Amino acid sequence: MKKAFNQGLILVVLFFSTWFVLKQVDWVTLFKVKKVTNKTEEKLGELFWHIYQNSEKENTDLYINTSIDSIINKICINNRIDRRKIKLHILEMDEVNAFALPNGHLLIYSGLIKASYNQEELSGVICHEIAHIENKHVMQKLVKEVGLSVLISMATGNEGSSMIKGAARLLSSTAFDRRLEKEADIIAVDYLINAKINPEPFAEFLYKLSLTDPNNLEYFSWVRTHPDAKKRAEYIIEYSLDKLSNPELVISKRTWQNILAKFNN
């Protein structure tokens with residue numbers, strides 16, 4: 001009798017434990033995102049990038065693009081990320097910003113590069129945005145903010161340009177929710193450590209941004225779209241503590257200085 005009672009109690013505990021865990025998952029968003037096919041995401045990426053391509057000036061300097069590309073290559077190779085999925089675009093914009101579009105488009109403003117004290121700070125931001133790409137955060141955000149049916153309608157050419165422009169600008173001007181931001185931060189640190197890039201400057205970069213004058217938030221777009229910078233810097237430092245003993249440079253210090261000099265000329 002006692003044995004049967006104990007077995008029943010165990011079953012009840014397992015049932016409620018499983019129910020509690022499943023309840024934490026946002027199944028609606030998860031299934032909606034999975035329903036968005038790769039073809040739909042690819043088409044949205046093309047549409048959104050086309051908007052920025054036609055409205056902003058893209059930097060085509062071979063030296064700059066090759067150097068930044070080498071940072072992305074090292075991150076991808078050491079984290080088993082398909083490099084072909086990441087499509088780098090450097091835009092001549094003074095705003096301190098970087099963001100991802102659907103289908104792996106990574107947009108980096110020249111203002112962010114100039115605001116980075118060293119290559120490790122920029123590498124941290126790049127890793128953060130790649131984490132958003134790899135973990136489908138971009139599509140999760142779009143499904144939540146715009147709606148699945150509207151996204152599919154955009155991809156099939158049934159929405160006007162104003163709707164498409166609005167959705168594209170959403171990704172550059174509004175924040176992900178805190179859960180996704182923290183997830184991207186932690187994954188970014190793992191990416192940096194696996195690539196033997198010091199993660200501490202990434203935390204320092206976030207801390208610097210937390211000290212930014214609120215009146216300048218429009219200029220420092222990455223602050224506005226990535227809130228709680230000081231708190232994030234603290235848990236990045238805590239998470240990365242003693243995880244990397246011999247960091248390496250991806251590009252030489254001279255190459256980094258040459259990049260900055262090109263932007264400042």
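Quick note: the coordinates plus some simple rules give every number you see, no bench work behind them. Since the structure is predicted, the reported quantities are computational estimates derived from the model, not experimental observations.
Observations
- Straight-distance crosslink candidates among lysines, where the alpha carbon sits under 17 Å from residue 39 and sequence neighbours closer than 8 are dropped: 85, 87, 136
- Normalised by residue number, the volume inside the convex hull of the Cα atoms of segment 58-141 is 88 Å³ per residue.
- Set 114/230; 43/208; 231/262; 114/243; 144/243 screened for pairs whose C-alpha atoms are more than 32 Å apart: 43/208; 231/262; 144/243
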